[in-house]
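The values are calculated or read from the model by the stated rules, or taken from the named source; none is laboratory data. Note that the structure is a prediction, hence the values are computed from the model and not measured. Cβ atoms come from the backbone with ideal geometry, glycine included; neighbour counts cover every protein chain shown. Only protein heavy atoms, including side chains, enter the accessible area calculation; ligands, DNA and RNA are left aside. Shrake-Rupley method; radii C 1.70, N 1.55, O 1.52, S 1.80 Å.
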Amino acid sequence: NAGVTQTPKFQVLKTGQSMTLQCAQDMNHEYMSWYRQDPGMGLRLIHYSVGAGITDQGEVPNGYNVSRSTTEDFPLRLLSAAPSQTSVYFCASSRRTDGNTIYFGEGSWLTVV
Amino acid sequence: AQKITQTQPGMFVQEKEAVTLDCTYDTSDQSYGLFWYKQPSSGEMIFLIYQGSYDEQNATEGRYSLNFQKARKSTNLVISASQLGDSAMYFCAMREGLSGGYNKLIFGAGTRLAVHP
């Protein structure tokens with residue numbers, strides 16, 4: 001049982017490049033979400049999904065795209081990276097019937113230069 | 001709009017003493033959940049404790065307990081018998097709704113706790 005797995009753990013991008021942060025969970029959780037954490041701040045919700053084929057925007061969705069083709073995977077795409085997207089990204093998942101237990105991945109550190 | 005406020009950017013405590021980290025929240029919903037997470041320097045988010053808005057008793061998990069005051073909209077985390085390993089950032093978070101809510105959390109800015117020997 002690997003829990004929530006994020007890849008890559010570290011990435012440096014040039015402005016304008018695109019990339020995908022991967023998130024996978026092996027717990028058959030319905031709910032998955034992406035957060036970003038800027039220095040000295042708490043996490044802010046980017047996008048979330050309540051099941052395969054269903055996604056919605058969170059608090060800070062601009063510049064990011066998501067899809068959920070399977071229950072296990074919830075990739076986050078940066079369409080054209082900007083320095084303002086330098087942040088730590090966390091993926092989280094939970095079971096629909098147990099929203100009190102939310103599992104977080106270990107985070108992906110992204111720097112855009 | 002929902003909001004979480006942690007007014008203590010930094011706290012320090014002597015080892016083996018208790019410490020209280022403050023958190024106030026603002027919501028117009030009657031049903032909500034409150035969480036506390038610990039983030040050590042390695043960066044991962046570690047779940048500590050949860051309190052539902054309809055829970056009549058304060059939540060406890062080992063050395064962690066909540067002082068939940070619904071009328072004041074506060075949920076302060078109490079860590080008893082502090083250990084050096086408790087040094088970390090602590091985040092308070094709120095979810096709209098109870099068991100559902102799609103794990104959409106709103107986080108406070110955090111409190112950095114330093115435990116001194």
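For this structure, a couple of remarks:
To keep it simple, each residue is scored yes or no on (1) in a loop (DSSP other than H, G, I, E, B); (2) over 18 Å from B:Asn103 (Cβ atoms).
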residue	(1), (2)
A:Leu21	no, no
A:Asn28	yes, no
A:Trp34	no, no
A:His47	no, no
A:Glu59	yes, no
A:Leu110	no, yes
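- For beta carbons closer than 8 Å, sequence separation of 6+ or different chains, a first residue in region B:33-52 that is at the interface with chain A (Cβ under 8 Å from one of its Cβ atoms) and on the phi > 0 side of the Ramachandran plot and a second that is open to solvent by less than 10 Å² (accessible area, probe 1.4 Å) and at pLDDT 95 or above, the qualifying pairs are B:Gly43/A:Gly107.
- Look at region A:84-100: where a residue is more than 7 Å from chain B (Cβ to nearest Cβ) and assigned to a helix (DSSP H, G or I) and a partner is of a type in the set (A, V, I, L, M) and open to solvent by less than 50 Å² (accessible area, probe 1.4 Å), sitting 6+ places away or on another chain with Cβ atoms under 8 Å, you get A:Ser84/A:Val112; A:Gln85/A:Leu78; A:Gln85/A:Leu110; A:Gln85/A:Val112.
- Of the criteria (1) assigned to a strand (DSSP E or B); (2) over 14 Å from the mean Cα position of the chain (by Cα), which one B:Gln30 fails: (1)
- Top-ranked residue in region A:28-67 [being facing another protein chain (nearest Cβ under 8 Å) and more than 14 Å from the chain's Cα centre (by Cα); ranked as modelled with the highest pLDDT]: A:Gly42
- Of the residues making up region A:23-42, those that are open to solvent by less than 10 Å² (accessible area, probe 1.4 Å) and of a type in the set (Ser, Thr, Tyr) are A:Ser33, A:Tyr35.
- Within region A:61-81, being assigned to a loop (DSSP other than H, G, I, E, B), open to solvent by 30 Å² or more (accessible area, probe 1.4 Å), in contact (Cβ under 8 Å) with a residue 12 or more places away in the chain and more than 17 Å from A:Ala24 (Cβ to Cβ) holds for A:Gly63, A:Leu79, A:Ser80.
- Selection count, region A:1-19, where residues are in a loop (DSSP other than H, G, I, E, B) and aliphatic (A, V, I, L, M): 1
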